[in-house]
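The values are calculated or read from the model by the stated rules, or taken from the named source; none is laboratory data. Model, not experiment: these values are computed from the prediction. As a convention, Cβ positions derive from the backbone with ideal geometry for all residues, glycine included, and neighbour counts pool all protein chains shown.
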Amino acid sequence: MVELSTLAKYPFLNASKTYVKDNALSVEELLDDPLYERARIIGVERLDNAFKDRDVGNRILATEYDCVMELLSYPIARMVAVCIDDVYFKRRYALGEAVHVYKNLIGESVHFLLDISKEFNLNVKHREDANKLSIYFTDYLRNAPTRYKKWKMINREMKAGYIHISHRDLARLIQEALRSRINNELDARKCNRVISDTFSSDISRIKNKVMMHRKKMEVAPVGKLDIEKLPPCMKEILAAIQSGENVPHMGRFALVAFLNSLRLNTNDILKLFSSAPDFEEEKTRYQVEHITGSTSSTAYAPPGCDKMRTYGICPADKMDELCKRKRHPLSYYKAKWNKNSKKEE
Ligand code: SF4
């Protein structure tokens, strides 16, 4: 039997769902009953905190009442997030939940982490005698933020398909698994009318905040770059980064090398990436500078269309007529650019 305080800290667990089911709580009760008002307040607080701080925030869990309210605030926050109906916001909220869980997980025992790994079907092995953890490489690749140096396969020790990881690494992999699970679940749900009516003022307030944030971060023409003239592949990668999707390393690499070839400097490139819900300036700067050659001896050239296809980052369904005549994303961009300048002449 899992303790109530654990369910409150980890409301995504199967045991947490069972608790809600066993107590026969209906959506109507959660939304109407004065008994659950505190849960409704915390639900909205989770969303606000996730948007502001990328963490749904800590609350005191001293009594049974605190724990129940905290636990119930999770499904409420999710239902409201669905009704806010904004991909950027949903990604940011999912990140806020996942980051919060990560912070809690690093303080938990290895056995607790192993139990949670099972809920995400992560194939993790623990050698008790040597206190060593390892994860099957496909699960590692699916969840590791390989855009960061430390997570690249080349920097990892692998034996018989299992990659050695630390306790903290496992917590981070669970964070990523949870984040993508929440993203998928939120995307698959539809807004419930009763929820949108009950939380109408919070929903419009948050929507407004998201809009203001967007305006602030809006990609003002950076340097000489014209987003509209980007080839479909680069548009896709940029949009995925900006909405916080897990873009494979090759996609990030191709985009940065492409932008660098257009003579955008590191700050301009960072500005383009800064609207991503999980944007971390220092880490992104490091990666960008590595690709552009500021911190390495080589400035990498952007891949051509053939290579883009091989890496699966040329979106066949989005290719247009110009794509058929070009063999490199750069020549696509230049052709559009020249066409436009001729029109203006
Ligand atoms: S054909 Fe080339 S330019 Fe067009 S989307 Fe594919 S990779 Fe990009």
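Side notes on the structure shown:
- Selected residue (only one of Leu255, Leu264, Leu272 is in a loop (DSSP other than H, G, I, E, B) and either away from the ligand (no atom under 16 Å from the Cβ) or free of Cβ contacts under 8 Å to residues at least 60 places away in the same chain (or both)): Leu264
- Residues that are surrounded by 15 or more Cβ atoms within 10 Å (Cβ to Cβ) and either in contact with a Leu (Cβ under 7 Å, 6 or more places away or on another chain) or among the aliphatic types (A, V, I, L, M) (or both) within segment 141-158 comprise Asn143, Ala144, listed in sequence order.
- Checked against the criterion of being more than 22 Å from Cys314 (Cα to Cα), exposed (fewer than 14 other Cβ atoms within 10 Å of the Cβ) and under 19 Å from the mean Cα position of the chain (by Cα), the candidates Ala188, Ala177 yield just one match: Ala188.
- Qualifying positions in segment 309-334 - assigned to a helix (DSSP H, G or I) and within 26 Å of the chain's Cα centre (by Cα): Arg309, Thr310, Ala316, Asp317, Lys318
- Glu45 vs. criteria crowded, with 21+ Cβ neighbours inside 10 Å, in a helix (DSSP H, G or I) and touching a residue at least 24 places away in the same chain (Cβ under 8 Å): no
- Single residue of Thr18, Thr6, Thr63 found to be surrounded by 15 or more Cβ atoms within 10 Å (Cβ to Cβ) and not basic (Lys, Arg): Thr6
- Qualifying residue in segment 87-102 (condition: without any contact (Cβ under 8 Å) to a residue 40 or more places away in the chain and outside the structural domain of Asp129 (by TED's automatic domain parsing)): no
- The residues listed here are Ile163, Ile237, Ile135; of these, the one that is among the β-branched types (Val, Ile, Thr), in contact with a helix residue (DSSP H, G or I) (Cβ under 7 Å, 6 or more places away or on another chain), buried (at least 18 other Cβ atoms within 10 Å of the Cβ) and assigned by TED's automatic domain parsing to the domain that holds Asp268 is Ile237.
- Set side by side, the residues Asp278, Asp306 differ, and just one is within 16 Å of the ligand (Cβ to nearest atom) and either assigned to a loop (DSSP other than H, G, I, E, B) or under 22 Å from Tyr333 (Cβ atoms) (or both), which is Asp306.
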